[in-house]
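Just below is one structure, and these are the notes that go with it.
The values are calculated or read from the model by the stated rules, or taken from the named source; none is laboratory data. Not measured: the values here are computed from a predicted model. Neighbour counts run over all protein chains shown; Cβ positions are idealised from the backbone, glycine included. Each accessible area value is taken on the protein alone, full model and side chains, heavy atoms only, with ligands, DNA and RNA left out. Shrake-Rupley method; radii C 1.70, N 1.55, O 1.52, S 1.80 Å.
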Amino acid sequence: MFQIAPNCSLRPRSAALFFASICVVSLSIAGTLALLGMWPILPFAGLEMALLGWALHVSLRRRHYSQTILLTENIVRIETRDGERCEQIEFTRHWARVKLRRADTRLHPSRLLIESHGRSYEVGGFLNEEERRALAGKLVRSVGRVNESPPLSTAQER
């Protein structure tokens, strides 16, 4: 079994303190400048703080995301959790194959896919390139190639 989740070191309390301190500094400066007659600065500072708050909210939501890859002798089951929502997909292990697809351009990351019978599912989209390659290697050794299912005991020892 492989359990993967994004690295989310930011906690809600830390995010709230950070957001409050940035708001105090930014809105104090904008308020002072507004009192000096440069009032158009104030709405832009408010918009900037709203965007920062939205970005922190999105970042904090990621900590509830995880993927579990369960391997048995017959199946590969991928369970993706995003808070309350849970999605499962299963592939026959004997026919499944693990593919690490290169990105179309240099700036995009590669994609780690598990494929079988015309279906595919992306795994570890939140991992960095090095972590994705390491996971791909472990999955290839555990799942095997098409028509090749290595015994789980030896595949997991490597």
With all protein chains present, calculate the accessible area of Thr105 using a 1.4 Å probe and round the result to the nearest 10 Å².
70 Å²
Tilt of helix 41-61 relative to the longest C-alpha principal axis of the chain, in degrees (0 to 90, nearest 10)?
20 degrees
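At 0.36 nm per residue, and after removing the present C-alpha to C-alpha distance, how many nm does the segment from Ser26 to Arg101 gain when stretched out fully?
Gain in length upon complete extension: 22.7 nm.
Percent relative contact order of segment 89-148, based on C-alpha pairs within less than 8 angstrom and at least six residues apart? Could the numbers behind the result be given before it?
Details: 84 pairs, mean separation 25.0, N = 60.
It rounds to 42 percent for segment 89-148.
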Expressed in nanometres to one decimal, the distance between label points 7 Å along Cα→Cβ at Met38 and His108 is 4.2 nm
So the carbon and sulfur contribution to the accessible area of segment 1-55, 1.4 Å probe, in percent, is 75 percent
Once R0 is set to 22 Å, what does the formula 1/(1 + (r/R0)^6) return for the Cβ-Cβ distance between Glu122 and Gln3, expressed as a FRET efficiency to the nearest 0.05?
0.85
Return the distance in nm (one decimal) between the two label points of a simple spin-label model at Cys86 and Leu10, each offset 7 Å from Cα along Cα→Cβ.
2.8 nm
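Please work out the average accessible area per residue across segment 24-99, using the 1.4 Å probe convention, and give it in Å².
Values: 4980 Å² over 76 residues.
Heavy-atom accessible area per residue stands at 66 Å².
I'd like the per residue volume of the convex hull spanned by the Cα atoms of segment 57-144, given in cubic angstrom.
Working: hull volume 9.3 nm³, N = 88.
Hull volume normalised by residue count: 106 Å³.
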Give the label of the value calculated from the structure for Rg/Rh (Cα atoms, Kirkwood Rh), choosing from (1) 1.20; (2) 0.99; (3) 1.03.
(1)
Working out 0.36 nm times the residue gap between Lys138 and His64, then minus their Cα-Cα distance, what length gain in nm do you get to one decimal?
24.2 nm
For the chain, with a Gaussian network of springs between Cα atoms less than 10 Å apart, report the residue from Arg63, Arg133, Arg101 with the top mean-square fluctuation.
Arg101
Calculate the FRET efficiency for Trp54 and His94 from the Cβ-Cβ distance with a Förster distance of 41 Å, rounded to the nearest 0.05.
0.35
When the dipole is taken about the Cα centre of the chain, and only Lys, Arg (+1) and Asp, Glu (-1) are charged at their Cβ, what size is it in debye, to the nearest 20?
320 debye
For Leu51, solvent-accessible area (1.4 Å; no DNA, RNA or ligand), Å²:
100 Å²
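Pairs of alpha-carbon atoms within less than 8 angstrom and 6+ residues apart define the contacts here; what relative contact order does segment 1-138 have, in percent? It would help to have the intermediate numbers written out before the result.
Working: 171 pairs, mean separation 26.1, N = 138.
Dividing the mean separation by the residue count of segment 1-138 yields 19 percent.
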